[in-house]
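The values are calculated or read from the model by the stated rules, or taken from the named source; none is laboratory data. All of these numbers come straight from a predicted model, not from anything done at the bench. Note: ideal-geometry Cβ built from the backbone for every residue, glycine included; neighbour counts use all protein chains shown. Areas reflect the complete protein model, heavy atoms only, side chains present, ligands, DNA and RNA absent. Shrake-Rupley method; radii C 1.70, N 1.55, O 1.52, S 1.80 Å.
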Amino acid sequence: YLDGAMLEAFAVGWNEDYLSPEEWEEQMVMVEKTQSLGKSVILVAQGEQDDLQREQFALASYLLVNNGLASFRYAHYRDYNKTWLYDNYWLDLGKPLAPRYQQGKVWKRDFANGVVTVDPAGHTSSIEMK
(Lines give C-alpha, C1' and ligand atoms only; values in the text may rest on other atoms or scores of the structure.)
Protein backbone atom coordinates (compact mmCIF):
# COMPACT_ATOMS: atom_id res chain seq x y z
CA TYR A 1 0.00 0.00 0.00
CA LEU A 2 3.01 2.31 0.07
CA ASP A 3 3.63 4.83 -2.70
CA GLY A 4 7.37 4.56 -2.23
CA ALA A 5 10.25 4.26 0.17
CA MET A 6 13.47 5.91 1.27
CA LEU A 7 16.83 4.17 1.53
CA GLU A 8 18.94 6.26 3.89
CA ALA A 9 22.29 4.50 3.44
CA PHE A 10 22.28 4.09 -0.33
CA ALA A 11 25.30 2.64 -2.16
CA VAL A 12 27.94 3.55 0.44
CA GLY A 13 26.62 2.64 3.88
CA TRP A 14 27.11 4.80 6.97
CA ASN A 15 30.04 6.91 8.15
CA GLU A 16 33.17 6.11 6.13
CA ASP A 17 32.13 2.53 5.45
CA TYR A 18 31.27 1.10 2.06
CA LEU A 19 28.89 -1.72 1.33
CA SER A 20 30.33 -5.04 0.24
CA PRO A 21 29.86 -5.75 -3.49
CA GLU A 22 27.11 -8.22 -2.56
CA GLU A 23 25.28 -5.69 -0.38
CA TRP A 24 25.70 -3.02 -3.07
CA GLU A 25 24.20 -5.34 -5.72
CA GLU A 26 21.34 -6.25 -3.37
CA GLN A 27 20.48 -2.56 -3.06
CA MET A 28 20.67 -2.02 -6.83
CA VAL A 29 18.27 -4.91 -7.46
CA MET A 30 15.91 -3.62 -4.74
CA VAL A 31 15.85 -0.11 -6.26
CA GLU A 32 15.17 -1.51 -9.74
CA LYS A 33 12.42 -3.79 -8.39
CA THR A 34 10.78 -0.94 -6.46
CA GLN A 35 10.59 1.21 -9.59
CA SER A 36 9.35 -1.69 -11.71
CA LEU A 37 6.36 -1.85 -9.34
CA GLY A 38 5.59 1.80 -10.12
CA LYS A 39 6.83 2.97 -6.72
CA SER A 40 9.08 5.95 -6.04
CA VAL A 41 12.29 5.61 -4.09
CA ILE A 42 14.34 8.33 -2.41
CA LEU A 43 18.02 7.39 -2.22
CA VAL A 44 20.17 9.16 0.37
CA ALA A 45 23.89 8.44 0.34
CA GLN A 46 25.77 9.31 3.52
CA GLY A 47 29.13 11.06 3.47
CA GLU A 48 31.20 14.12 4.19
CA GLN A 49 30.64 17.17 2.00
CA ASP A 50 34.21 17.27 0.67
CA ASP A 51 34.50 13.54 -0.10
CA LEU A 52 34.08 13.92 -3.86
CA GLN A 53 35.07 10.33 -4.68
CA ARG A 54 32.35 9.01 -2.36
CA GLU A 55 29.80 11.48 -3.72
CA GLN A 56 30.56 10.45 -7.31
CA PHE A 57 30.44 6.73 -6.44
CA ALA A 58 26.99 7.20 -4.90
CA LEU A 59 25.72 9.38 -7.76
CA ALA A 60 27.04 6.95 -10.37
CA SER A 61 25.33 4.07 -8.54
CA TYR A 62 22.07 6.03 -8.65
CA LEU A 63 22.51 6.70 -12.37
CA LEU A 64 22.93 2.97 -13.00
CA VAL A 65 19.49 2.18 -11.56
CA ASN A 66 17.33 5.27 -11.96
CA ASN A 67 14.43 4.40 -14.24
CA GLY A 68 12.51 7.60 -13.67
CA LEU A 69 11.07 6.99 -10.22
CA ALA A 70 14.20 7.47 -8.11
CA SER A 71 15.52 10.62 -6.47
CA PHE A 72 19.04 11.08 -5.12
CA ARG A 73 20.70 13.08 -2.38
CA TYR A 74 24.24 13.01 -1.01
CA ALA A 75 24.43 14.34 2.54
CA HIS A 76 25.52 13.61 6.07
CA TYR A 77 22.67 12.91 8.48
CA ARG A 78 23.77 15.79 10.71
CA ASP A 79 23.49 18.17 7.72
CA TYR A 80 20.06 17.28 6.36
CA ASN A 81 19.07 20.93 6.76
CA LYS A 82 21.71 21.95 4.18
CA THR A 83 21.77 21.58 0.41
CA TRP A 84 25.00 20.37 -1.14
CA LEU A 85 25.28 20.80 -4.90
CA TYR A 86 28.06 19.28 -6.99
CA ASP A 87 29.22 19.99 -10.55
CA ASN A 88 28.40 16.44 -11.67
CA TYR A 89 24.71 17.07 -10.88
CA TRP A 90 24.54 19.31 -13.96
CA LEU A 91 25.99 16.86 -16.50
CA ASP A 92 23.59 16.19 -19.37
CA LEU A 93 23.98 12.47 -19.96
CA GLY A 94 20.72 12.33 -21.89
CA LYS A 95 18.40 9.36 -21.78
CA PRO A 96 19.65 5.92 -20.79
CA LEU A 97 20.02 3.67 -23.84
CA ALA A 98 19.52 0.40 -21.93
CA PRO A 99 19.60 -1.00 -18.38
CA ARG A 100 22.88 -1.38 -16.53
CA TYR A 101 25.14 -4.27 -17.49
CA GLN A 102 28.16 -5.98 -16.01
CA GLN A 103 31.52 -5.94 -17.78
CA GLY A 104 34.11 -7.85 -15.78
CA LYS A 105 34.06 -6.50 -12.23
CA VAL A 106 32.40 -3.20 -13.12
CA TRP A 107 28.84 -2.19 -13.88
CA LYS A 108 28.05 0.18 -16.73
CA ARG A 109 25.16 2.04 -18.23
CA ASP A 110 25.19 3.78 -21.57
CA PHE A 111 23.44 7.10 -22.06
CA ALA A 112 22.82 9.18 -25.17
CA ASN A 113 25.62 11.57 -24.17
CA GLY A 114 27.91 9.46 -22.01
CA VAL A 115 28.59 6.36 -19.98
CA VAL A 116 28.56 5.64 -16.23
CA THR A 117 30.81 3.01 -14.66
CA VAL A 118 30.88 1.70 -11.08
CA ASP A 119 33.28 -0.76 -9.47
CA PRO A 120 31.52 -1.84 -6.25
CA ALA A 121 34.59 -3.74 -5.00
CA GLY A 122 37.10 -0.96 -5.61
CA HIS A 123 34.66 1.81 -4.63
CA THR A 124 35.49 3.74 -7.79
CA SER A 125 33.32 5.22 -10.50
CA SER A 126 33.37 7.37 -13.59
CA ILE A 127 30.83 9.57 -15.32
CA GLU A 128 32.15 10.23 -18.81
CA MET A 129 30.61 12.50 -21.41
CA LYS A 130 30.86 11.63 -25.12
What are the residues in the range 111-124 that are assigned to a strand (DSSP E or B) and either out of contact with any Lys or Arg (no Cβ under 9 Å at 6 or more places or on another chain) or in contact (Cβ under 8 Å) with a residue 60 or more places away in the chain (or both), if any?
-> Val118, Thr124
Filtered residue count, the range 62-80, keeping only those that are outside any helix (DSSP H, G or I), modelled with pLDDT of 95 or more and either more than 15 Å from Ala11 (Cβ to Cβ) or touching a strand residue (DSSP E or B) at 6+ places or on another chain (Cβ under 6 Å) (or both) | 8
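Taking the residues in the range 28-40 that are free of Cβ contacts under 8 Å to residues at least 24 places away in the same chain and in a helix (DSSP H, G or I) as candidates, determine which candidate is farthest from His76 (Cα to Cα). Don't jump to the end; show me each part of the working.
Taking the range 28-40 as the starting set, the residues that turn out to be free of Cβ contacts under 8 Å to residues at least 24 places away in the same chain are 29-30, 33, 37.
Filter once more, keeping what is in a helix (DSSP H, G or I): 29-30, 33.
Numbers: Val29: 24, Met30: 22, Lys33: 26 Å.
The qualifying residue farthest from His76 (Cα to Cα) is Lys33.
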From Trp24, Trp107, grab the single residue that is touching a Ser or Thr at 6+ places or on another chain (Cβ under 8 Å), touching a residue at least 40 places away in the same chain (Cβ under 8 Å) and in a strand (DSSP E or B).
-> Trp107
Keeping to the range 32-47, report how many residues are open to solvent by less than 30 Å² (accessible area, probe 1.4 Å) and not polar (S, T, N, Q).
-> 5
Asp92 passes all but one of the listed conditions (1) open to solvent by 70 Å² or more (accessible area, probe 1.4 Å); (2) part of a strand (DSSP E or B); the exception is number (2)
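Counting only residues that are in contact with a Pro (Cβ under 9 Å, 6 or more places away or on another chain) and either in contact (Cβ under 8 Å) with a residue 60 or more places away in the chain or open to solvent by 50 Å² or more (accessible area, probe 1.4 Å) (or both), which one in the range 1-19 is nearest to Trp84 (Cα to Cα)?
Step one: filter the range 1-19 for residues in contact with a Pro (Cβ under 9 Å, 6 or more places away or on another chain), giving 11, 18-19.
Imposing the further condition that a residue be either in contact (Cβ under 8 Å) with a residue 60 or more places away in the chain or open to solvent by 50 Å² or more (accessible area, probe 1.4 Å) (or both) reduces the set to 18-19.
On the way: Tyr18: 21, Leu19: 23 Å.
In this case the residue turns out to be Tyr18.
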Of the listed residues (Ala75, Ala60), the one being open to solvent by less than 60 Å² (accessible area, probe 1.4 Å) and touching a Phe, Trp or Tyr at 6+ places or on another chain (Cβ under 8 Å) is Ala75
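Residue-by-condition table, conditions (1) among the basic types (Lys, Arg); (2) on the phi > 0 side of the Ramachandran plot; (3) in contact (Cβ under 8 Å) with a residue 40 or more places away in the chain; (4) part of a loop (DSSP other than H, G, I, E, B):
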| residue | (1), (2), (3), (4) |
| --- | --- |
| Ile42 | no, no, no, no |
| Ala60 | no, no, yes, no |
| Thr83 | no, no, no, yes |
| Ser126 | no, no, yes, no |
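So which residues in the range 95-104 are part of a loop (DSSP other than H, G, I, E, B) and either touching a residue at least 24 places away in the same chain (Cβ under 8 Å) or open to solvent by 80 Å² or more (accessible area, probe 1.4 Å) (or both)? Give the derivation first.
So the first thing to find is which residues in the range 95-104 are part of a loop (DSSP other than H, G, I, E, B), and the list is 95, 97-100, 104.
Result: Lys95, Leu97, Pro99, Arg100.
Quick check on Asp50: is it part of a loop (DSSP other than H, G, I, E, B), at pLDDT 95 or above, open to solvent by 30 Å² or more (accessible area, probe 1.4 Å) and over 21 Å from Met129 (Cβ atoms)?
Numbers: part of a loop (DSSP other than H, G, I, E, B): yes; at pLDDT 95 or above: yes; open to solvent by 30 Å² or more (accessible area, probe 1.4 Å): yes; over 21 Å from Met129 (Cβ atoms): yes.
Taking the combined requirement at face value, the residue satisfies it.
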